[in-house]
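Asks: Pasting in a structure now, in structure tokens, and then I'll have a few things to ask.
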Amino acid sequence: TPVASQPGLSQRLIAEKRIANANCGGCHSKFEPLAFGLERFDGLGSYFEKDNHGNRLREDGQILFPGAAKPIAYRTSAELMNHLAASNRVRQSITWKLTQFALGRPLSARDARPVQAIHEVGWQKAGTYANLITAITLSELFQTQPLEETE
């Protein structure tokens, strides 16, 4: 059963109630806190200090990276972005998703080694988006079409 919404509450307070709810928190605690650092931005990237109810919007929170023992706190959305940018796990996810998009198909376990090679090349030299796209397009994975396996 969803947590009842109350008029005038900020989206963050509503999310915190969902997280605290025993029926919802198991899942919602995994993904909703990530949005807390972006609370001041709408879906188009416009910046706001307050919501439609006059509630002050915050940008602090904490993020738990997979494999880390405890969450990392941040005070601003800029700090959150710096934590995300410094995470090799995030960079690996970006490499994986962009490669998948470029190939137009889901990646599989057999793609792991070539994607890792793309990742290593793409994130050299300051690791720009352009470098990563170049690494993908110059990779054997992108430039060749695998033969269909026959029995």
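Asks: In segment 18-32, what residues are of a type outside the set (Lys, Arg) and assigned to a helix (DSSP H, G or I)?
Replies: Passing the criteria: Ile19, Ala20, Gly25, Gly26, Cys27, His28, Ser29, Phe31, Glu32.
Asks: Something else now. Could you say which residue among Ala85, Ala126, Ala73, Ala69 is farther than 30 Å from Ser29 by Cβ and of a type in the set (A, V, I, L, M)?
Replies: Exactly one of Ala85, Ala126, Ala73, Ala69 is farther than 30 Å from Ser29 by Cβ and of a type in the set (A, V, I, L, M), namely Ala126.
Asks: Taking Phe36 and the conditions (1) under 30 Å from Thr144 (Cβ atoms); (2) outside the structural domain of Ile133 (by TED's automatic domain parsing); (3) aromatic (Phe, Trp, Tyr), which numbered condition does it fall short on, given that it satisfies the others?
Replies: All conditions are met except number (1).
Asks: Hey, another quick one. Suppose we keep only residues that are over 11 Å from Leu141 (Cβ atoms) and in contact (Cβ under 8 Å) with a residue 12 or more places away in the chain within segment 112-128. Which one would you say is surrounded by the most Cβ atoms within 10 Å (Cβ to Cβ)?
Replies: Restricting to residues being over 11 Å from Leu141 (Cβ atoms) and in contact (Cβ under 8 Å) with a residue 12 or more places away in the chain, the top hit is Gly122.
Asks: For segment 95-151, list the helices (runs of 4 or more DSSP H) that sit wholly inside it and hold at least 2 residues that are out of contact with any helix residue (DSSP H, G or I) (no Cβ under 7 Å at 6 or more places or on another chain); which are they?
Replies: In segment 95-151, the matching helices (runs of 4 or more DSSP H) lie at 112-122, 129-138.
Asks: Still on this model: Can you tell me which residue within segment 1-19, out of those that are among the aliphatic types (A, V, I, L, M) and farther than 17 Å from Asp51 by Cβ, is modelled with the highest pLDDT?
Replies: Ile19
Asks: I'm told Ala15 meets every condition in (1) touching a residue at least 12 places away in the same chain (Cβ under 8 Å); (2) small (Gly, Ala, Ser); (3) part of a helix (DSSP H, G or I); (4) within 30 Å of Phe142 (Cβ to Cβ) except one. Can you identify the failing condition by its number?
Replies: So the condition that Ala15 fails would be (4).
Asks: State the number of residues belonging to segment 33-70 that are closer than 16 Å to Leu84 by Cβ and assigned to a strand (DSSP E or B).
Replies: 4
Asks: What tally of residues in segment 96-134 results from selecting those that are over 21 Å from the mean Cα position of the chain (by Cα) and farther than 20 Å from Ala86 by Cβ?
Replies: Matching residues across segment 96-134 total 7.
The values are calculated or read from the model by the stated rules, or taken from the named source; none is laboratory data. On a predicted model such as this, the values are computed, not experimentally measured, just so you know. Reconstructed Cβ throughout: ideal geometry from the backbone, glycine too, with neighbour counts over all protein chains shown.
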